[in-house]
1. Hey, among the residues in the range 388-409 that are free of Cβ contacts under 8 Å to residues at least 60 places away in the same chain and closer than 11 Å to Gly348 by Cα, which one's farthest from the chain's Cα centre (by Cα)?
2. Of everything in the range 330-377 that's among the acidic types (Asp, Glu) and either in contact (Cβ under 8 Å) with a residue 24 or more places away in the chain or not assigned by TED's automatic domain parsing to the domain that holds Tyr186 (or both), which residue is farthest from His176 (Cα to Cα)?
3. Is there any pair with a first residue in the range 205-220 that is in contact (Cβ under 8 Å) with a residue 24 or more places away in the chain and a second that is β-branched (Val, Ile, Thr) and in a loop (DSSP other than H, G, I, E, B) whose Cβ atoms are under 6 Å apart and which are 6 or more apart or on different chains, and what are they?
4. Among (1) modelled with pLDDT of 95 or more; (2) in contact with a Pro (Cβ under 8 Å, 6 or more places away or on another chain), which single condition is Ile358 missing?
5. Restricting to the range 192-240, what's the tally of residues that are of a type in the set (Ser, Thr, Tyr) and surrounded by fewer than 20 Cβ atoms within 10 Å (Cβ to Cβ)?
6. Restricting attention to the range 322-336, which residues are surrounded by fewer than 17 Cβ atoms within 10 Å (Cβ to Cβ) and of a type in the set (D, E, K, R)?
7. Does any residue of the range 47-61 turn out to be among the hydrophobic types (A, V, I, L, M, F, W, C), in a loop (DSSP other than H, G, I, E, B) and closer than 15 Å to Gln144 by Cα?
8. Restricting to the range 106-147, give me the number of residues that are free of Cβ contacts under 8 Å to residues at least 24 places away in the same chain and assigned to a helix (DSSP H, G or I).
Amino acid sequence: MRGLAVIAAVLALGACAGPSPDLARLYSLQSNPDIQPPVVLIPGALGSRLAHAHSGQEVWPGPVWKIVFADYSELALEIDPETLEPLPDELVVSGLTDKAAGRDFYSEILRVLERYGGYRRATAGEPPGRGAKHYYVFTYDWRQDNVRTVRELDAFLEQIRRDHGSPRLKVDIIAHSMGGLIARYYGRYGTQDVLDDNDFPVSNRGAEHMRRVVLLGTPNLGTVKAFRTLREGSKVGLNRIPRDVVATFPSTYQLLPHPLNTWLVTADGEPLERDVFSSEFWRRFGMSVYDQGVRERICEDIDDPQRAEQRLRTYEAYFEKRIERARRFVWSLTVPEPEPTVRFITFGGDCTLTPARILVEEWDGDSRLRLEPSEIRDRREGIDYEQLLLEPGDGVVTKPSLIARQTLDPTVSRHRYIYFPLDYSFFLCEDHDQLTGNIHFQDNLLHVLLSADSTRIGPEARERQQ
């Protein structure tokens, strides 16, 4: 009987798995590859390898032992105390983080593009072969300000146009996670830096160079994970990239949740009005560069108290500049724009409970931040704290953030200042860093890229802008 039960369980699991699409049969008949524009893959944060410029030694992610045990302190950016900008360092981009520690991040999607999509990998700056479709990989220093990366993307695409001898050539974009925010900013503003004030003149200059844009696991309204990273550091293996290190990365701030998100609540479940894009909020709770342990770490290698104090002031001023610039960055992506020439297709997970809110609890005469339902001390009857703090997503990005809505309720219209020209969405049961390996994503991605319709895919499925 026990043996029969085991067999039955195995059969049940097989039945649940269901058949997988035959990508070779589905996409082997491609009669006219010349109509397909090049594809450009833009990875997310941590998605590009970093190495020492002179020695070539890889710093990120490095060998397995480093991924497991290192704290990656050498990734910290030095700050110019006068300009409050990161100083150039000796780390350079050395490739795509396709695999690390036995886990696949991007190599599978490259294999699918080549094997089933019929694309060949090309390199910007080299003439592409004729009679074939091509794809490119845009790698970048993910620590830096996203607007800096946007300018590098523009130069990359300009080089591709020169390589193809076609000044008006458009590309298809596949952008994962933060890469999607880079693509969106570029589409709206081209290379213009609009973050110095609160005017966001949308020009759609970058959109002129894009045909289709696929956003995979992109936090279109930010992610609470960025808040946790600034507060706790970024977990890698058995260690963490320290808080003072990630505080030097401008891009980290630009992933924070949109101000129109209700992502701070009270123990009663009510929205809490606090400006989390203000340095005073972070100082009040002793987080990031205002944490005492972080301050000690910043000064631990400085014997001169006066110089140590100066460094702390530099870090605080840098934090203030970055948090304000991040506020403008997230707003710049959602203010209304003219009728767009590019609509976005989003893929993402909606099966994993994902941090969506942070609770502020009054406890022992003080306000305490609670990141997990289990941390709440004074529970109120009738409130489901798991439902309050967590929403379906991919473990990093919630479903509402993926599709740029403030709520899970699909009947609620977007806020007027959350403009997002969404064509349509696909939802997967997959975690954030494994989305590219999902067979259903690969199937639908190839359909999107290889479709002959150059302006719309499935208009009947489009979620229209509210």
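1. Pro392
2. The selected residue is Asp364.
3. Every condition considered, the pairs that remain are Ala207/Thr341; Ala207/Val342; Met210/Val342; Val213/Val342; Gly217/Val397; Pro219/Val397.
4. Result: Ile358 passes all but (2).
5. Adding up the residues that qualify gives 1.
6. Glu324
7. No; the residues of the range 47-61 include none that is among the hydrophobic types (A, V, I, L, M, F, W, C), in a loop (DSSP other than H, G, I, E, B) and closer than 15 Å to Gln144 by Cα.
8. Counting residues in the range 106-147 that are free of Cβ contacts under 8 Å to residues at least 24 places away in the same chain and assigned to a helix (DSSP H, G or I) gives 3.
The values are calculated or read from the model by the stated rules, or taken from the named source; none is laboratory data. Nothing here was measured: the structure is a model prediction, and the numbers come from that model. A quick note on method: Cβ atoms are made from the backbone with ideal geometry, for glycine too, and the neighbour counts reach across all protein chains shown.
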